[in-house]
Amino acid sequence: MDTFHAAYCMRYPALAATTAPGWRTGDGSATIDRVAAVLGIETSCDETAAAVVIDGVDVRSSVVASQVELHRKYGGVVPEIASRAHIERLDSVIRQALEEAGHGRDDIDAVAVTRKPGLVGSLVIGVTAAKTLAWAWSKPLVYVDHVLAHACSAAIEVHPPPWPAVALIVSGGHSSLYLVRDFDSIERLGCTTDDAAGEAFDKVATILNLPYPGGPQIERVARGGNPQAVGFPRTMLGPDSLDFSFSGIKTAVLYHVHGSGRTSGGLDRLSAQDIADIAASFQAAVVDVLVRKTLRAVDRAGVDTVVLGGGVAANHALREGLAAACADRRLRFHAAPMSYCMDNAAMVAALGYHQYTRGDRGDLDADAQASQ
Ligand code: KG4
Ligand code: ZN
């Protein structure tokens, strides 16, 4: 830990000069307690979350209030309901995060919040809360990109950070490959041209009449199925592409269930085993594409490390498939810890810390942004 902190002080010399006793500074001339405690706030979709993270790696608290129960009967996230639930819950979620961390306002060095991308009516709740706290507490404000926070989530509690790496980020809203050279140098290599991977999981779950949210249900049902039962298409989009397309496989599942060109009437004819086989074959096809494209990105970027993040990173077939492929190629592999795969504020505070230490400050006039 000392070495880690010393490295950070060397990278950000201003910190060594301004912090109090505890850790050794880069040149060994002084010691400091900690570099910075960041309060993170996340409300981009349907999780209301707050966290306190020290130095970008040490998670002191991470509170997530899931809205799954509110949206389940609609089979997906209803933006107005999400927004209202954020308003009702955010205050107590922030209080709980501070309490669990044992931090009062004086212990917080900066407030970081997801400003984009996401549902704008949800984002605006977190952004308004963060602006208010930063202003009332006279703390610096940092705006974080949600997808880049997922990209850095595999670095939480990892010392030293695993960069440079190719990051595969797969969630309900995004499927992207990034080259992360460092926290302040992240380049997008590819993204989805239509549905995100998680969206495909959710839509296929709906086709199979499995409850919301679909990803974990597909994984559960797939455990009893044969991944080779149905040869669903693997859309690679050409030999050089690092982009993804998952709408074709979703349609292939739809027609497999109901018959070619049909969108209803077929589900009743399928046995529980048929459904398990379809779920397993769909999951295998998606994992296959994600793994092959990630290895393609590694070849392109010339790095020896892969990291995995986003809600779909909670899928064990993907974690294990990518881990095995990396082991075959002698690549290092870091998956985000399970608790930081789905939306959370620890990843926001962690990336926010790195932005804060390099002087990145959010403007109180800035608005939430739906797109990246
Ligand atoms: O990162 P996240 O919480 O929210 C977004 O930023 O979109 O990801 C949610 C997505 C949903 O589509 C959900 O079905 C999917 O992650 N997901 C999974 C699993 N757990 C969550 N997909 C496949 N297998 C899982 N075990
Ligand atoms: Zn997310």
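Here are the numbers for the structure shown:
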{"quantity": "Residue match in the stretch 79-93 (condition: within 16 Å of ligand 1 (Cβ to nearest atom), open to solvent by less than 30 Å² (accessible area, probe 1.4 Å), assigned to a helix (DSSP H, G or I) and under 30 Å from F333 (Cα atoms))", "calculated": "no"}
{"quantity": "Answer from G238, G231, G261 - the residue that is farther than 27 Å from S176 by Cβ and either at pLDDT 95 or above or away from ligand 2 (no atom under 16 Å from the Cβ) (or both)", "calculated": "G261"}
{"quantity": "Residues that are out of contact with any helix residue (DSSP H, G or I) (no Cβ under 8 Å at 6 or more places or on another chain) and at pLDDT 95 or above, drawn from the stretch 22-53", "calculated": "E47"}
{"quantity": "Selection count, the stretch 290-304, where residues are in contact (Cβ under 8 Å) with a residue 24 or more places away in the chain and outside any helix (DSSP H, G or I)", "calculated": "2"}
{"quantity": "Cross-chain or 6+ apart pairs with Cβ under 7 Å, the stretch 305-327 first and under 10 Å from V287 (Cβ atoms) and open to solvent by less than 20 Å² (accessible area, probe 1.4 Å), then more than 15 Å from ligand 1 (Cβ to nearest atom) and part of a strand (DSSP E or B)", "calculated": "L322/V306; L322/F333"}
{"quantity": "Matching residues in the stretch 337-351 - criterion: being open to solvent by less than 10 Å² (accessible area, probe 1.4 Å), more than 10 Å from ligand 1 (Cβ to nearest atom) and part of a loop (DSSP other than H, G, I, E, B)", "calculated": "A345"}
{"quantity": "Boolean, H354 is open to solvent by 20 Å² or more (accessible area, probe 1.4 Å), at pLDDT 95 or above and not charged (D, E, K, R)", "calculated": "no"}
{"quantity": "Test: residue in the stretch 125-133 that is in contact (Cβ under 8 Å) with a residue 24 or more places away in the chain and among the basic types (K, R)", "calculated": "yes"}
{"quantity": "Among (1) assigned to a helix (DSSP H, G or I); (2) of a type in the set (S, T, N, Q); (3) over 19 Å from the mean Cα position of the chain (by Cα), the one test that N226 misses", "calculated": "(1)"}
{"quantity": "Selection from the stretch 54-92 of residues that are more than 27 Å from T206 (Cβ to Cβ), touching a helix residue (DSSP H, G or I) at 6+ places or on another chain (Cβ under 9 Å) and not basic (K, R)", "calculated": "I54, D55, G56, V57, V59, S61, S62, V63, I87, L90, D91"}
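Conditions tested, residue by residue: (1) crowded, with 24+ Cβ neighbours inside 10 Å; (2) within 16 Å of ligand 2 (Cβ to nearest atom); (3) of a type outside the set (S, T, Y).
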position: V147; (1), (2), (3): yes, yes, yes
position: C152; (1), (2), (3): yes, yes, yes
position: H159; (1), (2), (3): no, no, yes
position: A167; (1), (2), (3): yes, yes, yes
position: V170; (1), (2), (3): yes, yes, yes
position: S175; (1), (2), (3): yes, yes, no
position: L179; (1), (2), (3): no, no, yes
position: D182; (1), (2), (3): no, no, yes
position: I186; (1), (2), (3): no, yes, yes
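The values are calculated or read from the model by the stated rules, or taken from the named source; none is laboratory data. All figures in this text were calculated on a predicted structure; none of them were measured in a lab. For neighbour counting, all protein chains shown are included, and Cβ atoms are generated from backbone atoms with ideal geometry for every residue, glycine included. Ligands, DNA and RNA are stripped out before the accessible areas are found, and what is left, the full protein with its side chains, is counted by its heavy atoms. Shrake-Rupley method; radii C 1.70, N 1.55, O 1.52, S 1.80 Å.
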